[in-house]
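Working notes, structure below.
The values are calculated or read from the model by the stated rules, or taken from the named source; none is laboratory data. These numbers were taken from a predicted model, which means no experiment stands behind them. All Cβ positions, even for glycine, are placed from backbone atoms using ideal geometry, and neighbour counts span all protein chains on display.
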Amino acid sequence: MKRTVAILLLSGLFFSVSFGQTGWTWQNPKPEGNTLNEIAVFGPNYAVAVGNLGLIERSTDNGEIWTKISSGTKATLCGVSINSNGVGWVVGTGGTVLKTTDNGLTWKPQSIGSSYACLTVSTTDGVKCYIGASSGKFFKSTDGGATWTSPATNSTKYVRSIYTNGQGIVCLAQDGGIIQKSSNDGETWTTKTTGITTALYEISFLGNTGLAVGAGGKILRSTDAGDTWSQVSNTNSYDLVDIQFIDATHVMALSIAGLLHSSDGGATFTRDNPFTPYSGQTSMAMSPNNYFLCAGSGGWIYKSSNGTDWSTRTDGYPLGIIADIFFTSANIGYAASSNGMIYKTTDGGSSWTGSVQLTYGYLNTLFFINASIGFVADNGDIFRTSNGGGSWTKVFNYANVPTYSGSIQCIYFVDINYGWFTTDAGQIWLSTNGGLSWTMGNSGSTNAIYDIWFVDSRNGVAAGWHGTILNTNDGGATWKPANSNVTDDFYAIHGTDLMHIIAIGGNKVLKTLDGGATWTYVPLPSQVGWNNLFKMRFINRNTGWVCGEYGTIIKTTDGGDTWTMQWSNMSGTIYSIFFTDEDNGWACGDTGSIIHTSSGGISGTGEISVEKASEYKLFQNYPNPFNQSTTISFNVPVRSSVKLEIFSISGSKIGTLIDAEKEAGQYRISFDAGDLPPGIYFCRCTWGSTNDSAIRLLKD
């Protein structure tokens, strides 16, 4: 009988497969590197962590292995509470409330009738649920979330943490040092005197003993069930974000830089030395199975069996801040880290195992001339490799150069001999022997120079602070100002020739047609907002990418005249981006984050039919015209290599949806074009080397 059911299921017209591209995906860490804001343990083996961009991660084996769970939202998820029976809630910005009844495996949205940012949630039985929000708002349900009420707290401060004993006692910890208590399930409140005015981030009780922690290392303690509070002396000044009772005697407090321990019920605390685990953790939980979990910045999750010795449970490498990334082929790449390490990958970024400790400073710029010769720099030293990163030699030591000043900002080579580096003190240095030695040019400026670009060994342009644009025609020995008409800070620059140049500054993209004398601002997608843009990479005259704050990635396929937003699935800052061709690219940033695309950054998901196809055929997409997404179908009569590509009306390639061997069958793929501007696009399908077809896509 079971076998018959399986056959019947396969006889349906379509079923899901995984050939579709997903835009940008996480390589380090995995499953995702967005910040986790809270973690909870419950039941015999379960744990759930929630974070930015709708991130929910789940473990079913006591926090050993974590899997990303679909939340159906991109809101920032701030709080999670699940009872031992597997019923609970997640809350977040914009009034987001999600409920689970199956131990966090699936989530359904609930409406509380409000768009206030929900910051914390608490349930003890899966029936009663309490939510704290911005502006002192408090929401409660006594019927499993079917209906919600909002009793007044008479506070306007953010409610950061909720404690309930499940028997009518509810306490709220808020900004401004406010603690409120209710003895009737939150219907009425009394405000308690705390003696502080700084934010409180967490409140917890064991019996009558309560502890609340917050900004500036403040710790409050109560021994009468929260009616009165006194401040605990503490030399730690770091913000405390969580507090956990181990038993009546032992307590742990989590700061943004590590842990504090108490062995007298929270009357006094001592700190770990050195601080552990990794700084930036935001939440801590203790399981009835006697283990501890910490989650926070960069999606990193740590586990401990004793609260002292911690090890990571995130799949990846804590690489520090990755300031720059550079690939010499589709498989071989390098990452420069804030911890002074240079990392290497030989498998396209799936793993980064070839690490070398070059310095204890901040490595901030990378450049490779070819597969063998490359450079990396910290604030004042430059290291060179001639064997593909196998070994590195210091070729510039600022301590031995009295004329050097500032901090190195970028390195650029136009060929195997000629190269330059810039500093934030306005200096531009040049090399004519492949970086083995360096001499200082005359820039005539003291403004920071953040980027440099050369069309050949003689002619180049440099850009920097307060609209600084410098030109040279003698290889960088001397420079002349372009007297630009803008005062924006230029962070990156690129040109097709010395007249046609693109620069980024702040949250702007600018373009000049006269070598930098006059600039025009290029319209950008509204999602860029006020986000600063930091790095720009072009792979040819038309196609390039820019990255910046809050996961911003924008792309152009017409030489910078128009830009489209790409969904990076990253909430932190992206400091650098690199492409080896129109499809394969990497971006890096905060807390060791590395993301990758094999589709030029565009997204598509697909399905395959078990019905046979008699001919190669590309069908017209449906719907057409379309607004957000459209479905593209095609036939493959025999096993063939298939490439499905999207082009602009000018012929510039937007990205690749499929590039792989496919079995015979009928295929459908959903193309998500939500970030592309309205207009005409073309989809081309190529089978093998002799068959191809194209259709026109019309986006409203």
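Identify the residue in the range 77-102 that is of a type in the set (S, T, N, Q) and closer than 19 Å to GLY51 by Cβ and, among all such residues, is nearest to the chain's Cα centre (by Cα). Working first, answer last.
Going residue by residue through the range 77-102, those that are of a type in the set (S, T, N, Q) are 81, 83-85, 93, 96, 100-101.
Going one step further and asking which of them are closer than 19 Å to GLY51 by Cβ, we end up with 81, 93, 96, 100.
Working: SER81: 24, THR93: 18, THR96: 21, THR100: 26 Å.
Only one residue tops the list, namely THR93.
Residue by residue through the range 457-494, note down the ones that are surrounded by fewer than 21 Cβ atoms within 10 Å (Cβ to Cβ) and in a strand (DSSP E or B). Write out each step before concluding.
So in the range 457-494, the residues surrounded by fewer than 21 Cβ atoms within 10 Å (Cβ to Cβ) come out as 457-459, 465-466, 471, 473-475, 477-478, 480-481, 483, 485-489, 494.
Across the range 457-494, the qualifying residues are ASN471, THR478, LYS480, PRO481, HIS494.
Do any strands (runs of 3 or more DSSP E) lying entirely in the range 517-631 carry at least 1 residues that are free of Cβ contacts under 8 Å to residues at least 40 places away in the same chain and among the polar types (S, T, N, Q), and which ones are they? Explain how you work it out, then say what you get.
Working: elements: 533-538, 544-548, 553-556, 564-566, 574-579, 585-589, 594-597, 603-609.
Filter on the range 517-631 gives 553-556.
Taking the range 477-493 only, how many residues are closer than 19 Å to PHE421 by Cβ and either out of contact with any strand residue (DSSP E or B) (no Cβ under 6 Å at 6 or more places or on another chain) or not assigned by TED's automatic domain parsing to the domain that holds GLY544 (or both)?
Residues in the range 477-493 being closer than 19 Å to PHE421 by Cβ and either out of contact with any strand residue (DSSP E or B) (no Cβ under 6 Å at 6 or more places or on another chain) or not assigned by TED's automatic domain parsing to the domain that holds GLY544 (or both): 1 in total.
Before we move on, is GLY145 more than 14 Å from VAL170 (Cβ to Cβ), of a type outside the set (Ser, Thr, Tyr), out of contact with any helix residue (DSSP H, G or I) (no Cβ under 6 Å at 6 or more places or on another chain) and part of a loop (DSSP other than H, G, I, E, B)? Spell out the reasoning first.
Details: more than 14 Å from VAL170 (Cβ to Cβ): yes; of a type outside the set (Ser, Thr, Tyr): yes; out of contact with any helix residue (DSSP H, G or I) (no Cβ under 6 Å at 6 or more places or on another chain): yes; part of a loop (DSSP other than H, G, I, E, B): yes.
Here the answer is yes, as GLY145 does meet what is asked.
Could you list, in sequence order, the residues of the range 318-345 that are farther than 21 Å from ASN584 by Cβ and of a type outside the set (A, V, I, L, M, F, W, C)?
PRO318, GLY320, SER337, SER338, ASN339, GLY340
Restricting attention to the range 104-121, does a residue exist that is at pLDDT 95 or above, in the same structural domain as VAL232 (by TED's automatic domain parsing), assigned to a strand (DSSP E or B) and under 25 Å from LYS218 (Cβ atoms)?
no
Provide a single number: the residues in the range 174-197 that are farther than 20 Å from LYS140 by Cβ and without any contact (Cβ under 8 Å) to a residue 24 or more places away in the chain.
Count: 2.
Which of the residues that make up the range 399-418 are surrounded by 15 or more Cβ atoms within 10 Å (Cβ to Cβ), not in a loop (DSSP other than H, G, I, E, B) and not aliphatic (A, V, I, L, M)?
Correct list: GLN409, CYS410, TYR412, PHE413.
Let's see how each residue does on (1) surrounded by 17 or more Cβ atoms within 10 Å (Cβ to Cβ); (2) modelled with pLDDT under 95; (3) touching a Lys or Arg at 6+ places or on another chain (Cβ under 9 Å):
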| residue | (1), (2), (3) |
| --- | --- |
| VAL509 | yes, no, no |
| THR512 | yes, yes, no |
| ALA517 | no, yes, no |
| PRO523 | no, yes, no |
| GLN527 | no, yes, no |
| TRP530 | no, yes, no |
| LYS535 | yes, no, no |
| TRP545 | yes, no, yes |
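Which of the strands (runs of 3 or more DSSP E) contained wholly in the range 213-296 include at least 2 residues that are within 30 Å of PRO44 (Cα to Cα)? Explain how you work it out, then say what you get.
On the way: elements: 219-222, 240-245, 251-255, 258-262, 281-286, 292-296.
The qualifying strands (runs of 3 or more DSSP E) are 240-245, 251-255, 258-262, 281-286, 292-296.
Let's see how each residue does on (1) at pLDDT 90 or above; (2) under 22 Å from LEU676 (Cα atoms):
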position	(1), (2)
THR573	yes, no
ASP581	yes, yes
ALA587	yes, yes
THR591	no, no
SER609	no, no
GLU615	no, no
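Answer yes or no: is there a residue in the range 125-137 that is surrounded by fewer than 20 Cβ atoms within 10 Å (Cβ to Cβ), out of contact with any strand residue (DSSP E or B) (no Cβ under 9 Å at 6 or more places or on another chain), in a loop (DSSP other than H, G, I, E, B) and modelled with pLDDT of 95 or more.
Yes, the range 125-137 contains a residue that is surrounded by fewer than 20 Cβ atoms within 10 Å (Cβ to Cβ), out of contact with any strand residue (DSSP E or B) (no Cβ under 9 Å at 6 or more places or on another chain), in a loop (DSSP other than H, G, I, E, B) and modelled with pLDDT of 95 or more.
I need a count of the residues in the range 143-180 that are buried (at least 20 other Cβ atoms within 10 Å of the Cβ) and closer than 18 Å to ALA225 by Cβ. Let's see the steps before the verdict.
Narrowing the range 143-180 to residues buried (at least 20 other Cβ atoms within 10 Å of the Cβ): 145, 153, 158-164, 170-175, 177-180.
Checking the rest, the ones that are also closer than 18 Å to ALA225 by Cβ come to 161-164, 170-173, 178-180.
Residues in the range 143-180 being buried (at least 20 other Cβ atoms within 10 Å of the Cβ) and closer than 18 Å to ALA225 by Cβ: 11 in total.
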